[in-house]
Amino acid sequence: MEHKKTYHFTEIVKGEKNFILEGPITQDALSSYSFDDGLKAFRPPKQQYEALLKVVELPENRIIVALEGNKIVGYAIFLYPDPLERWSEVELDNLLELGAIEVSANYRGYGLAQNLLRVAMMDDAVEDYIIITTEYYWHWDLRGTGLSIWEYRDVMEKVMKSGGLEWYATDDPEICSHPANCLMARIGSRVKADAVHEFNRVRFKHKYMF
C-alpha cells in the first residue's frame, strides 16, 4: 500500500496562548522548528529532537506536532511497530503504532494531547490503517504528574479515545503482566476483513484465553 500523506492545520486558543497543530510534517518543516526543554519524558530534549529527525526519515512515519510560534511543545509519532514486539509479526503494511505522544511539562493543561490525536485522525488516509497503542504503566510519568497508576490510566484512556482508539483484549505477556497495561486500537473504515483477521490472530497467539 502506498503511504498517503496529507496536511492539516488546526489552531487552538487557550487564554493568552495560541497553538498550531500540524501534520504529518515533512523533514524540512521539522528541522526548521525549535524544541521545548520540557519535552524530556523519554530522553534529554536535544537527544529526543535528534531522534525525531531520524524518525521523520522513515517512509511510514507520521508525526503531528503542537507548536507555539516556531517551537514544538508536543508531538505524536506513528510508525510501524517495534521489530521486538509481537505486533511486528503481522503480515500487514497498514498497521501503525502510536510510538510516542508527549506534551512538554511546561504546557500541560491545554488539552494538547487530545488534540494531537484528533488532528492525526482528521486525515482521510487513516481509514486505510489499523492504528494501535500499547500502554505500559512503567512508561507513564507518574512522578511528574503526581497521579496514581489508575488515575493516570483514566487520563490516558480519555486521551486515546479522543482519537477514536478503543480497548482491545490480548494475551500479550507484557500487557497481561499488570492490569493497568492495555492495548488500544482504531480500525479504519476501509480496512479489509482479512487485515482485521490477521490483527486478531496476533492479538491472541494462544488457543484459549481465560
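The values are calculated or read from the model by the stated rules, or taken from the named source; none is laboratory data. Not measured: the values here are computed from a predicted model. For neighbour counting, all protein chains shown are included, and Cβ atoms are generated from backbone atoms with ideal geometry for every residue, glycine included.
Of the residues contained in region 98-118, none is found to be in contact (Cβ under 8 Å) with a residue 24 or more places away in the chain, farther than 27 Å from residue 180 by Cα and under 16 Å from the mean Cα position of the chain (by Cα). Scanning region 100-110 for residues that are touching a helix residue (DSSP H, G or I) at 6+ places or on another chain (Cβ under 9 Å), surrounded by fewer than 19 Cβ atoms within 10 Å (Cβ to Cβ) and of a type outside the set (A, V, I, L, M, F, W, C) returns a single hit, 108.
Taking region 157-171 as the range and being under 21 Å from residue 115 (Cβ atoms), charged (D, E, K, R) and outside any strand (DSSP E or B) as the test, the residues that pass are 157, 158, 161. Listed by position, the strands (runs of 3 or more DSSP E) inside region 51-153 whose residues that are of a type in the set (Phe, Trp, Tyr) and in contact with a Lys or Arg (Cβ under 6 Å, 6 or more places away or on another chain) number at least 1 are 71-79. Quick check on region 170-183. Is at least one of its residues in contact with a Leu (Cβ under 6 Å, 6 or more places away or on another chain) and at negative phi? Yes; the residues of region 170-183 include at least one that is in contact with a Leu (Cβ under 6 Å, 6 or more places away or on another chain) and at negative phi. The single residue among 159, 126, 119 that is surrounded by 17 or more Cβ atoms within 10 Å (Cβ to Cβ) and farther than 23 Å from residue 87 by Cα turns out to be 119.
Do we have residue 154 as surrounded by fewer than 18 Cβ atoms within 10 Å (Cβ to Cβ), touching a His at 6+ places or on another chain (Cβ under 8 Å), at pLDDT below 95 and not polar (S, T, N, Q) here? Show your work before the answer.
Working: surrounded by fewer than 18 Cβ atoms within 10 Å (Cβ to Cβ): yes; touching a His at 6+ places or on another chain (Cβ under 8 Å): no; at pLDDT below 95: yes; not polar (S, T, N, Q): yes.
Against the criterion (surrounded by fewer than 18 Cβ atoms within 10 Å (Cβ to Cβ), touching a His at 6+ places or on another chain (Cβ under 8 Å), at pLDDT below 95 and not polar (S, T, N, Q)), residue 154 does not qualify.
Is it true that residue 193 is surrounded by 12 or more Cβ atoms within 10 Å (Cβ to Cβ) and farther than 18 Å from residue 88 by Cα? So residue 193 does not fit the description; no. Just one of the numbered conditions (1) free of Cβ contacts under 8 Å to residues at least 12 places away in the same chain; (2) surrounded by 15 or more Cβ atoms within 10 Å (Cβ to Cβ); (3) under 18 Å from residue 86 (Cα atoms) is not true of residue 147: (3). Only residues that are modelled with pLDDT under 80, farther than 17 Å from residue 60 by Cα and surrounded by 12 or more Cβ atoms within 10 Å (Cβ to Cβ): list them for region 1-27, please. Once the filter is applied, which keeps residues that are modelled with pLDDT under 80, farther than 17 Å from residue 60 by Cα and surrounded by 12 or more Cβ atoms within 10 Å (Cβ to Cβ), region 1-27 yields 8, 10, 12, 14.
Would you point out the residue of region 28-66, among those that are closer than 21 Å to residue 142 by Cα and among the basic types (Lys, Arg), that is surrounded by the most Cβ atoms within 10 Å (Cβ to Cβ)?
Applying the first criterion (closer than 21 Å to residue 142 by Cα) to region 28-66 yields 36-45, 48.
From the residues that got through so far, the ones that are among the basic types (Lys, Arg) too are 40, 43.
Working: 40: 17, 43: 12.
Among those that are closer than 21 Å to residue 142 by Cα and among the basic types (Lys, Arg), it is 40.
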